[in-house]
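Take a look at the structure below.
The values are calculated or read from the model by the stated rules, or taken from the named source; none is laboratory data. Just so it is clear, the model here is predicted, and its values are computed rather than measured. A quick note on method: Cβ atoms are made from the backbone with ideal geometry, for glycine too, and the neighbour counts reach across all protein chains shown. Protein only, heavy atoms only, side chains kept; ligands, DNA and RNA dropped before computing areas. Shrake-Rupley method; radii C 1.70, N 1.55, O 1.52, S 1.80 Å.
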Amino acid sequence: MKLDDVEISKAIIERFSAKLLDSLECDVAIVGGGPAGLVAAYNLGKEGRKVVLFERKLSVGGGMWGGGIMFNELVVQKEGKDILDEFGIRTAAFKEGYFCADSVETVSTICSKATQAGARIFNLLSVEDVMMTEERVTGLVINWSAVELAKLHVDPITVRSKYVIDATGHAAEVAHIIEKKSGRKLMTPTGAVIGEKPMCADVAERTILDNTREIFPGVFAAGMCCNAVFGAPRMGPIFGGMLMSGKRAAELILAELVGGKL
Ligand code: 48H
């Protein structure tokens, strides 16, 4: 068969448009495709929820590819290893309580399992705003990252979702947008983004699960964003907390969806 160049273009445009159109209304919209966002996407997808993830960059994986100082090896504690086991990712024991995994195997496997569980991942799309009513956040405002990078004056489009997960890492971008634009209080002790504290892996990894919760009606924090929002320490290059937080955020939202809160 002779390949037609324009048919190839038509295939891409038609298929992508159908995917995007079908994603404009969903159960959960996740902002950020780092470890926390990807694990949340997997856990929601495997329960049959319609979940869409938007990642600003060309590749998902966030800060996980580079391990620590670009040495592409990840460290997790026992609870983190249990999650890697669920994905079938190989780990090696280092010392008691410390396990290591190859970061490339980890990112690629979690990403693959998330998409195969039904989560739809869009790369190169940035979330620049939220939609909200008096009661809650009702969705996201998205634009091409290329538009953002080139600072072009091009208007965005919208996605309606029952829940949003802020999995944007240290930047806690969705939380900041809500704080800045709504004039309303976040569900933190100060009502604002408190900001992350200096490194202490032990405290950070213990507090992150408590900090994985609803931060504004309709919005849950996951991953590093949780400690940034609630003023807890950073943890450096240990990733168990990110994996556990993504899973916890999915569980909290699933409980609300099953409970028929919306
Ligand atoms: C679309 C966006 C937007 C936006 C950001 O940084 P991440 O890897 O986040 P986590 O929380 O899954 O993992 C954190 C971990 O990587 C880390 O940094 C650790 C453990 N640090 C500890 C320490 O002490 O330093 O991923 C977030 C993703 C990135 O890929 C961003 O590009 C993306 O979110 N993102 N995508 N729209 N507005 N903002």
What is the spin-label model distance, in nm, from Cys100 to Cys200 if the labels are put 7 Å beyond Cα along the C-beta direction? 2.8 nm
Once you put a point 7 Å from the Cα of Asp129 and another 7 Å from the Cα of Ala171, both along the Cβ direction, what distance in nm separates them? 1.8 nm
If exposed means GluC sites (Glu not before Pro) lying in a DSSP loop and surrounded by at most 11 other beta carbons within 10 Å, then the longest stretch of the chain lacking such sites spans residues 136-262
Past the 28 angstrom mark, what percentage of all C-alpha to C-alpha distances in the chain do you count? 32 percent
Which of Gly37, Gly169, Gly80 fluctuates most in a GNM of the chain (C-alpha springs under 10 Å)? That residue is Gly80
Magnitude of the Cβ-charge dipole of segment 119-262, K/R +1 and D/E -1, about the Cα centre, nearest 20 debye? 140 debye
Counting only protein heavy atoms and a 1.4 Å probe, tell me what percentage of the chain's accessible area is made up of carbon and sulfur. 58 percent
Over the chain: helical MRE at 222 nm, DSSP H runs n ≥ 4 each giving -39500 (n - 2.57), nearest 500: -12500 deg cm²/dmol
To check my understanding: the extent here is largest minus smallest coordinate of the Cα atoms along each principal axis. What are those three numbers for segment 1-152, in Å, largest first? 57, 54, 35
Could you provide, to the nearest whole Å², the per residue accessible area of segment 1-76 with probe 1.4 Å? 57 Å²
How far is it, in nm, from the label point at Leu21 to the one at Phe71 when both lie 7 Å from their Cα along the line to the Cβ? 5.1 nm
Ordering Arg206, Arg248 by the accessible surface of their heavy atoms, 1.4 Å probe, largest first, yields Arg206, Arg248
Given the options Thr133, Thr207, Thr109, which has the most mean-square fluctuation in a GNM of the chain, springs set between C-alpha atoms less than 10 angstrom apart? Thr133
Would you kindly find the accessible area of Lys50, with a 1.4 Å probe and non-protein molecules such as ligands, DNA and RNA excluded, rounding to the nearest 10 Å²? 70 Å²
Counting every Cα pair in segment 199-262, what percent are over 20 Å apart? 25 percent
Asp22: accessible area at probe 1.4 Å, nearest 10 Å²? 80 Å²
Isotropic mean projected area of the C-alpha convex hull, segment 47-102 (nm²): 5.3 nm²
Debye-sum result for segment 102-200 in log10 I(q)/I(0), which assumes one identical scatterer on each alpha carbon, at q = 0.17, 0.22 Å⁻¹: -1.00, -1.24
